[in-house]
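Down below is the structure, laid out as structure tokens.
The values are calculated or read from the model by the stated rules, or taken from the named source; none is laboratory data. Because the structure is predicted, anything quoted here is derived from the model rather than measured. FYI the Cβ positions are ideal-geometry reconstructions off the backbone, even for glycines, and counts take in every protein chain you see. Keep in mind that these areas ignore ligands, DNA and RNA; they rest on the heavy atoms of the full protein, side chains included. Shrake-Rupley method; radii C 1.70, N 1.55, O 1.52, S 1.80 Å.
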Amino acid sequence: MILVFGGTTEGRKAVEVLEEAGNTYYYSTKTGEQDITLHHGKRIDGALDEDAMLIFCREYGIRLIVDAAHPFASQLHETIGQVSESLNIPTIRYERIYPPRDPCITWIDDYKELSSVLTPHSSLLATTGVQSISKLKPLEAQDIKVIYRILNRESSIQLAHQQGAADEQLCFYPQTVEAEAVLMKESGLSGGFSEKITEARERGMRIIALKRPELSFKHVVDGPYGLRRMVEKLLPEFYPLHSGLTTGTCATAAAVAATIQQVKDEMPTEVPVLLPDGETIQVAVGYGDGYAYCIKEAGDDPDVTNGLEIRARAYPQPLLKGEEPIAIEGGEGVGTFTLPGFDYPPGSPAINKTPREMITNNLQAILSPLTTHHSPLTVTISVPQGAEIARRTFNPRLGIEGGISIIGVSGIVKPFSEEAFIDSIHKCMTVAKASGSERVVINSGGKSERFVKALYSTLPQQAFVEYGNYIGETLKMANELGFKHVTLGVMLGKAVKLAAGHLDTHSRKATMDKAFIKQMLEEAGCDIDISYITLARELWAMIPKDRLQDFATIIIRHCAEHCNPLLPNGILTILLIDDEGHIYN
């Protein structure tokens, strides 16, 4: 069982991550005023002191704590630490992402320092929250005018009054206040810190920032992917299926390790990897003779690249005019683009745009603190066994030869990830367009594709694309790419769902609607009992042969009603395929 302390943006994100498991957890806030929807979580409201927290954890069998509370909730962090140690319960701190501290800002460690950085008769807009009013009241004795920005709710107004603030000192909309200086907490990106700084500068206000407290937690994450992976590590049974790493993240980790070894002569067993969403995760690495490596971890996602060793070599290079300071090359087992339609032209190593950006951004973060005279780097990514494994992927069909491709959009692979599958469809559709074919033939899988290929024997291999369950998404891609002709091959199980309006036919989102099937049978003049069928394909044996075409026509018509609007500038042909390969249109 997991106990989350939230009430923040990070708390909300933690909920989204934990909801993916479908298991029960507890979500605690101090005031109970956060608007948040829990499906599997149970909400508990009200402050918990150490005794109350100990009792709760024992009573409900808490085995993991997630501290996603506000960074300035020092007392709560301390209490969580004490309970964690007393009960030997691991705690994950869900930290915020903070921009570098700007030296043009006046930074303070404590409210008491304000008296030395402000002058008498000056004015201050305090945006540090209603709880800080009592700490700021002494400034008024120095003839400093203080305006307190608080939330416009009764509980906050009442608490402000209890601390001695007058109504005229309270404001709910700081944009309307004229003050020489503004006091704010170092609240991180999710707290809008950067936006507040920009606004204050535009108004010509002096900026004073209270530094965030230094927290000491063994397990720290700063984003949703890191949180899920840490929960999977510390409480493996919470998620039925575990996430993995993309080949792009593995290549980046290997490149980071190789670069650290090259420029710092260090060999850490884990390295930080900055993901595209801005969060940082720790990734295990190893070292060989002149290279670093990362083992591809697919989690519970079925992936033929699972367990592959992805290597990186980093070595200095002379910087020629017009060249980038970090060059990325493909070595053994990394494929080569041979067709147009990818992020890079034919002849380039099959390392996609996002992984290249990840490698570049992460290496720049290592090199930037060093002297500007440091030699630029060439990084070579290689994958032993990559050429062999690539034969079991879509790469040959896509025109990627000689090895696997280094891919990944988010950096993390969720098991049976929709994002990853849809991304692969988009790559296939882009290659189909680049092949020059005016028609793309989309199918649910290899079986239906084999049957349809005979009708379009002159089309290149790249013109045939599998949509899996994502019919709607694939048709939208076809429209965006400007295909004039699209053929949709579909077998009966998916066809009856599509006819009912389900553009995603996955079983978790759409089930066979017998009432609607019965309606379509009646439209086709078929009066048969389907109450006992469990699979739609059983209909092929039940419908009289002289009514099969009529039934197919009705299904195709209903499918077209839902599909045609997604392809407003093209012509859609729908083919219904039976188990023997007979095609109805």
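State the Kirkwood hydrodynamic radius of region 540-584 in Å, one decimal place, computed from all pairs of distinct Cα atoms.
Taking every pair of different Cα atoms in region 540-584, averaging 1/r and inverting gives 11.7 Å.
In region 1-64, which GluC sites (Glu not before Pro) fall in coil by DSSP and have 15 or fewer other Cβ atoms within 10 Å?
The qualifying sites are Glu33.
Calculate the spin-label point distance for Arg153 paired with Asn88, positioning each point 7 Å from the Cα along the beta-carbon direction, and give it in nanometres.
The answer from the label model is 4.0 nm.
Please give the solvent-accessible surface of Arg203 in Å², to the nearest 10, using a probe radius of 1.4 Å with every protein chain present.
The accessible area of Arg203 comes to roughly 80 Å².
Can you give the Rg to Rh ratio of region 106-146, both from alpha-carbon atoms, with Rh computed by the Kirkwood formula? Kindly include the intermediate steps, with their values, before the conclusion.
Working: Rg = 9.6 Å, Rh = 10.5 Å.
Looking at region 106-146, the ratio lands at 0.91.
Using every Cα-Cα pair within region 1-153, state what percent have a distance larger than 25 Å.
The answer is 43 percent, as a whole percent.
What does DSSP give for the chain in terms of the percent of beta bridges that are antiparallel, rounded to the nearest 5?
Among the beta bridges of the chain, antiparallel pairing accounts for roughly 30 percent.
Go through the cysteines of the chain and tell me which have no other cysteine Cβ under 4.7 Å away.
By the Cβ distance rule, which asks for a partner under 4.7 Å, the isolated cysteines are Cys57, Cys104, Cys171, Cys428, Cys526, Cys559, Cys563.
Please sort by residue number the chymotrypsin sites (Phe, Trp or Tyr not before Pro) in region 143-247 whose DSSP state is loop and whose Cβ has at most 15 other Cβ atoms within 10 Å.
Sparse-neighbourhood loop chymotrypsin sites (Phe, Trp or Tyr not before Pro): Phe172.
Given H placed 1.01 Å from N in the peptide plane, which residues other than close sequence neighbours of Val283 have an amide H under 5 Å from its amide H?
The list, which skips near neighbours in sequence, is Val271, Val273.
Which of the peptides 93-100, 256-263 is most tightly packed, and how do the rest follow, judged by the mean count of other Cβ atoms within 10 Å per residue?
Most protected by this proxy first, the peptides run 256-263, 93-100.
In square nanometres and to one decimal, what's the mean projected area of the convex hull around the Cα atoms of region 468-561?
Projected area, direction-averaged: 6.4 nm².
Using the Karplus curve 6.51 cos²θ - 1.76 cosθ + 1.60 with θ = phi - 60°, work out ³J(HN,Hα) for each residue of region 325-333 in order, rounded to whole Hz, and write x for Gly and Pro.
Each residue's phi maps through the Karplus curve to give x, 10, 9, 10, 10, x, x, 4, x Hz.
Among the listed pairs Lys13/Lys112; Lys30/Lys353; Lys447/Lys545; Lys13/Lys296; Lys433/Lys509, which have their C-alpha atoms separated by more than 32 angstrom in this model?
In this structure, Lys13/Lys112; Lys30/Lys353 exceed 32 Å between Cα atoms.
May I ask for the Kirkwood hydrodynamic radius of region 445-500, worked out over all distinct Cα pairs and given in angstroms to one decimal?
12.3 Å is the Kirkwood radius here.
Please list the non-local residues whose amide H lies under 5 Å from the amide H of Ala327, H modeled 1.01 Å from N, same-chain partners needing a gap of 5 or more.
Placed amide hydrogens put Leu377, Thr378, Val379 under 5 Å from Ala327.
Length gain on complete extension for the stretch Glu266 to Ile36, per 0.36 nm per residue less the alpha carbon to alpha carbon distance?
78.3 nm
Given the whole protein assembly as supplied and a 1.4 Å probe, what does the accessible area of Glu78 come to in Å², nearest 10?
Roll a 1.4 Å probe over it and Glu78 shows about 100 Å².
For region 372-481, state which trypsin sites (Lys or Arg not before Pro) are in a DSSP loop and have at most 15 other beta carbons lying within 10 Å of their beta carbon.
Sites meeting the loop and neighbour criteria: Arg391, Arg392.
For the chain, what does -39500 (n - 2.57) per DSSP helix run (n ≥ 4), summed and divided by total residues, give at 222 nm, in deg cm²/dmol to the nearest 500? Mind showing how you got there, number by number?
On the way: 19 runs with 189 residues, N = 585.
It lands at -9500 deg cm²/dmol.
Let me know the whole percent of all Cα-Cα pairs from region 380-469 that are separated by more than 23 Å.
Every Cα pair in region 380-469 considered, those over 23 Å come to 29 percent.
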